[in-house]
Amino acid sequence: MKLAEREIRIWTFVALGGFFIVLIFSAMSWRENRVLNKIIVKGNEVIPDKKIIELANVKPGVKLTDIDLSRVRANIEKHGFIKYAEVYIYLPDVLFIEVVEREPVAMLTYQGKIYYIDSDGVVISFDEVNKIFAVPLLSGVNYKPLYVNLDTVGQLRKQFELIKASIDKKIYGLISEVKFKDGEFILLTSDGAVTVFLSDDEFERKLALLREFWTQIIPTRGYPSYIDLRYHGKLYAKFSQKINE
């Protein structure tokens, strides 16, 4: 290779290297100076975008490099109805927030206030959502509801176990209310307003028996006055004309 050709290649390599170095520093400078112009919220059906953006505590105009994503996520997850959040930066100037909201499975009232309980046993105040959900009512609780796993009294935890069992046994949609009276649990059905006596144990077995009875007997006999499941392995139903076992 001639000396002139070798020098040309060396200088070409140096020039290209310099170009890429300038390009990298320019990109770093560009990113360093980018500011937030837009916030997009997805996944929410109950909590408004405005509220989630307020919780994020990030305003347009701030540098992207100054946004602490972990802190933004923690701020959003402080809301009782938000189960968790994911936060990303989409270049050139967008903050993307995706949330998963809690799903109430029951509600109760205490001292004139409404509370919801989600499938994880988390208690959520109505004030945090301002919405009525069509979920079973837990009545008879005479103390302020806490996170179900911290319920030292045990009544709320027991009612929650009943609700969870009804979901597992695919009879949840039939329950309108769960009452606690004289140490026993009583269901009121959403279909026909039938009273169902359960006692306080073997919820899964009893609910499975109730489901079988409801799908096989009710369509032909109609609604009974009440159903009694307090006796081991037995279901008694009182109809207007006669008692059916």
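The values are calculated or read from the model by the stated rules, or taken from the named source; none is laboratory data. Quick caveat: nothing in here was measured; it's all calculated off a predicted structure. Ideal geometry is used to build each Cβ from the backbone, glycine not excepted, and the neighbour counts take in all protein chains shown. Ligands, DNA and RNA are stripped out before the accessible areas are found, and what is left, the full protein with its side chains, is counted by its heavy atoms. Shrake-Rupley method; radii C 1.70, N 1.55, O 1.52, S 1.80 Å.
Out of all the residues in segment 185-218, which are part of a strand (DSSP E or B) and among the aliphatic types (A, V, I, L, M)?
Across segment 185-218, the qualifying residues are I186, L187, L188, V196, L198.
Considering Y223, Y172, which residue is among the hydroxyl-bearing types (S, T, Y) and in contact (Cβ under 8 Å) with a residue 60 or more places away in the chain?
Answer to the check: Y172.
When you scan segment 68-123, how many residues do you find that are closer than 30 Å to E177 by Cβ and open to solvent by 10 Å² or more (accessible area, probe 1.4 Å)? Let's see the steps before the verdict.
Step one: of segment 68-123, the residues closer than 30 Å to E177 by Cβ are 79-83, 100-123.
Applying the additional criterion that residues be open to solvent by 10 Å² or more (accessible area, probe 1.4 Å) yields 79-80, 83, 100-105, 107, 109-115, 119-120, 122-123.
Within segment 68-123, residues that are closer than 30 Å to E177 by Cβ and open to solvent by 10 Å² or more (accessible area, probe 1.4 Å) number 21.
Give the residues of segment 224-235 that are open to solvent by less than 70 Å² (accessible area, probe 1.4 Å) and either at pLDDT below 85 or aromatic (F, W, Y) (or both), sorted by residue number.
G233
Please identify the pairs in which a residue from segment 48-61 that is over 15 Å from N37 (Cβ atoms) and free of Cβ contacts under 8 Å to residues at least 12 places away in the same chain has its Cβ atom under 6 Å from the Cβ atom of a residue that is among the hydrophobic types (A, V, I, L, M, F, W, C) and not in a loop (DSSP other than H, G, I, E, B), counting only partners at least 6 apart or on another chain.
Pairs found: D49/V41.
Inside segment 32-67, can you point out the residues that are of a type in the set (G, A, S) and crowded, with 17+ Cβ neighbours inside 10 Å?
Here is the first cut: in segment 32-67, the residues of a type in the set (G, A, S) are 43, 56, 61.
Within segment 32-67, just A56 meets the criteria.
Check D191, D151 and return the single one that is in contact with a Gly (Cβ under 9 Å, 6 or more places away or on another chain), of a type outside the set (V, I, T) and farther than 23 Å from D120 by Cβ.
From the options D191, D151, the qualifying one is D191.
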